[in-house]
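What follows is a short report on a single structure.
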Amino acid sequence: IETVYEELASKFRTSKLAEACTTITDGDHNTPAFGETGVRFIFVGNVSSGLLHFRDSKRVSEEYFKTLRSQRLPKRGDLLYSAVGATLGVPAVVDSDEPFCFQRHIAILKPNPTRLDSRFGWYMLRSRTVFDKAWSVTTGSAQPTIPLRAIRELPIPLPPLAVQRRIIVALDCLQEGVGGLRCLQAETTTELDALLPSVLSRAFAGDL
């Protein structure tokens, strides 16, 4: 991913993440009462793998859920971002239509659909450059935190949407290739380094 990020940054430069989103905020700062029924309430651990899941989530009342601002309500295609703790700096795409909510340890990014494909954003936020940038601006030592203002300023390349979607296809193919190469006990890094320039070239040219 880092090689792709560098290629895109060189070709299209980078923009602040806020320029690609309609809103970037975090979860509620109040601690709700949990119960046996109601709307799911997730924690950082539900996004820190890079994939959203609901294991070990809790439940909050419908009444509490209705008090939350719309900017804090995840929708399919939004991005969640771990903002506090040892697993800080990991994005996850919302790929569920089930209502749920969370606290301030998770940030929610709502991509502007005319500027950013959420899957492309997910890949770029996982690049080493952006990850290191996130950690370089954390506050606190016992519990590192990246402030919302710093998340909004994270640098990502913003090529046209058509290019973004071709890059998504290319990176998805490469990820599948990693699994296949590992299964064959091949030299994954060498194989992918050889494959990447060709795949990127095809993506830019619109051949994917």
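Return the aspartates and glutamates within reach of LYS16: Cα separation strictly under 16 angstrom, same-chain partners fewer than 8 residues apart disregarded; answer none if there are no such residues. Partners found: GLU6, ASP117, ASP132, GLU153. For segment 10-22, putting each phi into the Karplus relation 6.51 cos²θ - 1.76 cosθ + 1.60 with θ = phi - 60° gives couplings of 5, 7, 10, 6, 10, 10, 5, 4, 4, 6, 9, 10, 7 Hz, in residue order, rounded to whole numbers and with x for Gly and Pro.
Across CYS173, CYS101, the residue with the most accessible area heads the list, and the full order at a 1.4 Å probe is CYS173, CYS101. Ranking ASP56, ASP78, ASP132, ASP97 by solvent-accessible area of protein heavy atoms (1.4 Å probe, all protein chains present), from largest to smallest, gives ASP56, ASP97, ASP132, ASP78. Distance between the 7 Å Cα→Cβ label points at GLU2 and LEU148: 3.2 nm.
Accessible surface of SER49, taken over heavy atoms with a 1.4 Å probe and every protein chain present, rounds to 80 Å².
The GluC sites (Glu not before Pro) of segment 25-106 that meet both conditions, a loop assignment by DSSP and at most 11 other Cβ atoms within 10 Å of the site Cβ, are GLU36.
Taking all protein chains as shown and a probe of 1.4 angstrom, SER136 keeps an accessible surface of around 80 Å². Give the accessible area for ARG152 in Å² (nearest 10); use a 1.4 Å probe, count only protein heavy atoms, and leave out ligands, DNA and RNA. We get 90 Å² for ARG152. Considering only alpha-carbon pairs that sit under 8 angstrom and 6 or more positions apart, the relative contact order computed for segment 30-96 is 35 percent.
Accessible area per residue for segment 60-139 is 43 Å², calculated with a 1.4 Å probe on protein heavy atoms, without ligands, DNA or RNA. Among the listed pairs LYS11/LYS75; LYS75/LYS133; LYS110/LYS133; LYS66/LYS133, a Cα-Cα separation exceeding 25 Å is found for LYS11/LYS75; LYS75/LYS133; LYS66/LYS133. If the chain linking GLU19 and ARG115 were pulled fully straight, counting 0.36 nm for each residue of separation and taking away their Cα-Cα distance, it would gain 33.7 nm.
The values are calculated or read from the model by the stated rules, or taken from the named source; none is laboratory data. Just so it is clear, the structure is predicted and the values come from calculations on it, not from any experiment. Here the Cβ is made from the backbone with ideal geometry for all residues, glycine too, and neighbour counts use every protein chain on show. In case anyone asks, the SASA skips ligands and DNA or RNA and just uses the protein heavy atoms, side chains included. Shrake-Rupley method; radii C 1.70, N 1.55, O 1.52, S 1.80 Å.
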